[in-house]
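Data first, discussion second: the structure below is written as structure tokens.
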Amino acid sequence: MRLTIDTDAKILTVDEAGERRDVDLYGQEAFDLLALQWLKTSWNRKYSYTFSWMGRPIIQHPDDMARVQEVIYALKPDVIIETGVAHGGSLVFSASILKLIGKGRVVGVDIEIRPHNRKAIEAHELAPMITLIEGDSVAPQVVAQATAGIGPDDTVLVFLDSNHSYAHVLAELEAYHHIVTPGSYIVATDGLMRDLWDVPRGDPSWRHDNPAAAAEAFAARHPDFVIETPPWPFNESPLDQPVTAWPNAWLKRLR
Ligand SMILES: C[S@@+](CC[C@H](N)C(=O)[O-])C[C@H]1O[C@@H](n2cnc3c(N)ncnc32)[C@H](O)[C@@H]1O
């Protein structure tokens, strides 16, 4: 595809599959095309590797962080399980919102928690709200450890941000979906990989091997889950879709 921006004429020209069309540079279609290109370009420049939350590096797009905050505040979960800890930023992010809400705890699972990361997370002021578990997120004993202590009345939210292959995300969805509360979500992050197969740091295999495809396959097998973007608590815009590195991510449990 070729996108040509004419800022003087306020036109975006789209050349695709032998056809050319002009769209309003300030309209919805241009917004969608440019937002996707921004996500691809920013991913390639590792934009999401430039943020921290309360002292810990967090590897997320800020738009997604803001949306996660909206969901945590609305749901007020008792337990948030996250696979993929890295430096601990997303654990601290979730814990900080729970702390302000006044309840809840966070469980982080990673196949390798590096000593300097563990030390920093354990020294953090929110550490009492965080449990770290080292191991493969789909190993049965790890799943059992991560889900231990969840009470029948607990509201549970799950984020999957570890190995992003189709097979692993699907295995994580199968391993953790049973503990998700109706009305809550299991979130298969980083589905943007499906659109990153043609960028310099991407991989052609990602076109099919990605979390968005895993979420679709899971939803097709589990009618009690539906892929649904969480509602926006505030929206005085003409927009209705997020700018997100997590397309198809939010699997809501219906019952
Ligand atoms: C993208 S990082 C997580 C970023 C973190 N959630 C954040 O927002 O800052 C992915 C992490 O997944 C971990 N990981 C990879 N494969 C895994 C597996 N099979 N089980 C658990 N963790 C895994 C890696 O060690 C890495 O720390």
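The values are calculated or read from the model by the stated rules, or taken from the named source; none is laboratory data. This is a predicted model, so every value here is computed, not measured. Backbone-built Cβ (ideal geometry, glycine too); neighbour counts: all protein chains shown. SASA here: full protein model, heavy atoms, side chains in, ligands and nucleic acids out. Shrake-Rupley method; radii C 1.70, N 1.55, O 1.52, S 1.80 Å.
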Between a residue in segment 59-71 that is under 13 Å from Pro230 (Cα atoms) and any residue that is away from the ligand (no atom under 13 Å from the Cβ) and among the hydroxyl-bearing types (Ser, Thr, Tyr), which pairs come within a Cβ distance under 9 Å, given they are 6 or more apart or on different chains?
Asp64/Thr244; Arg67/Thr229; Arg67/Thr244; Val71/Ser184; Val71/Tyr185
If you go through segment 243-255 one residue at a time, do you hit one that is touching a residue at least 40 places away in the same chain (Cβ under 8 Å), surrounded by 13 or more Cβ atoms within 10 Å (Cβ to Cβ) and over 25 Å from Ala35 (Cβ atoms)?
yes
Please verify whether segment 195-203 includes one or more residues that are among the charged types (D, E, K, R), part of a helix (DSSP H, G or I) and either in contact (Cβ under 8 Å) with a residue 12 or more places away in the chain or within 20 Å of Leu39 (Cβ to Cβ) (or both).
yes
Any chance segment 157-169 includes a residue that's assigned by TED's automatic domain parsing to the domain that holds Arg207, surrounded by fewer than 22 Cβ atoms within 10 Å (Cβ to Cβ), away from the ligand (no atom under 13 Å from the Cβ) and among the aliphatic types (A, V, I, L, M)?
no
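Can you pull out every residue in segment 61-98 that is small (Gly, Ala, Ser), under 13 Å from the mean Cα position of the chain (by Cα) and within 12 Å of the ligand (Cβ to nearest atom)? If you could, list the steps in order and put the result at the bottom.
Applying the first criterion (small (Gly, Ala, Ser)) to segment 61-98 yields 66, 74, 84, 86, 88-90, 94-96.
Of the ones still in play, those that are also under 13 Å from the mean Cα position of the chain (by Cα) are 66, 84, 90, 94.
Result: Gly84, Ser90, Ser94.
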The listed residue being in the same structural domain as Pro211 (by TED's automatic domain parsing), open to solvent by 20 Å² or more (accessible area, probe 1.4 Å) and near the ligand (Cβ under 9 Å from one of its atoms), out of Ile111, Ile150, Ile101, Ile58:
Ile111
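If only one of His168, His164, His208, His178 is of a type outside the set (Phe, Trp, Tyr) and under 22 Å from Leu75 (Cα atoms), which one is it?
On the way: His168 fails: under 22 Å from Leu75 (Cα atoms); His164 fails: under 22 Å from Leu75 (Cα atoms); His208 fails: under 22 Å from Leu75 (Cα atoms).
From the options His168, His164, His208, His178, the qualifying one is His178.
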In the set Leu239, Leu251, Leu173, Leu192, which member is part of a strand (DSSP E or B) and either in contact with a Cys (Cβ under 6 Å, 6 or more places away or on another chain) or of a type in the set (A, V, I, L, M) (or both)?
Leu251
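Any residue in segment 79-87 that is open to solvent by less than 30 Å² (accessible area, probe 1.4 Å) and without any contact (Cβ under 8 Å) to a residue 40 or more places away in the chain?
In the first step, residues of segment 79-87 are kept if they are open to solvent by less than 30 Å² (accessible area, probe 1.4 Å); the result is 79-85.
Now drop any that are not without any contact (Cβ under 8 Å) to a residue 40 or more places away in the chain, which leaves none.
There is no residue in segment 79-87 that is open to solvent by less than 30 Å² (accessible area, probe 1.4 Å) and without any contact (Cβ under 8 Å) to a residue 40 or more places away in the chain.
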Answer yes or no: is there a residue in segment 127-147 that is in contact with a helix residue (DSSP H, G or I) (Cβ under 7 Å, 6 or more places away or on another chain), within 28 Å of Trp38 (Cα to Cα) and buried (at least 18 other Cβ atoms within 10 Å of the Cβ).
no
Criterion (open to solvent by less than 80 Å² (accessible area, probe 1.4 Å) and more than 16 Å from the ligand (Cβ to nearest atom)) met by exactly one of Asp190, Asp195
Asp195
